[in-house]
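To start, the structure itself, in structure tokens.
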Amino acid sequence: MKLVNLRRIRKSRFITREMLAYMASCSTRTIDYWESGRSTTINFARRVARELNVTIDELTKEK
């Protein structure tokens with residue numbers, strides 16, 4: 001599962017990679033991987049969606 005809108009949503013909320021990594025209990029390197037188009041698991045996608053207050057569809061659907 002690719003989080004194609006992660007960077008756009010994160011930046012629109014003025015959240016840094018470091019802040020999101022802390023909120024999602026992962027490393028900043030992991031956030032970098034996801035934002036560069038690498039896939040993640042559904043569990044991490046749920047965690048990130050919850051922390052950003054968006055749906056998984058909003059993170060994964062290309063616009």
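For the range 1-22, which residues satisfy the criterion of being exposed (fewer than 13 other Cβ atoms within 10 Å of the Cβ) and either among the β-branched types (Val, Ile, Thr) or in contact (Cβ under 8 Å) with a residue 40 or more places away in the chain (or both)? Within the range 1-22, 16 is the sole residue that qualifies.
Filter the range 36-53 for residues that are without any contact (Cβ under 8 Å) to a residue 12 or more places away in the chain, loosely packed, with under 11 Cβ neighbours inside 10 Å and not in a loop (DSSP other than H, G, I, E, B) and give the result.
43
Considering only the range 1-35, how many residues are in a loop (DSSP other than H, G, I, E, B) and among the basic types (Lys, Arg)?
Residues in the range 1-35 being in a loop (DSSP other than H, G, I, E, B) and among the basic types (Lys, Arg): 1 in total.
For the range 37-63, the candidate set comprises residues that are among the polar types (S, T, N, Q) and at pLDDT below 95; within that set, the residue that is farthest from residue 2 (Cα to Cα) is 43.
The values are calculated or read from the model by the stated rules, or taken from the named source; none is laboratory data. Model, not experiment: these values are computed from the prediction. Because the Cβ atoms are built from the backbone with ideal geometry, glycine has one as well, and the counts that use them run over all protein chains shown.
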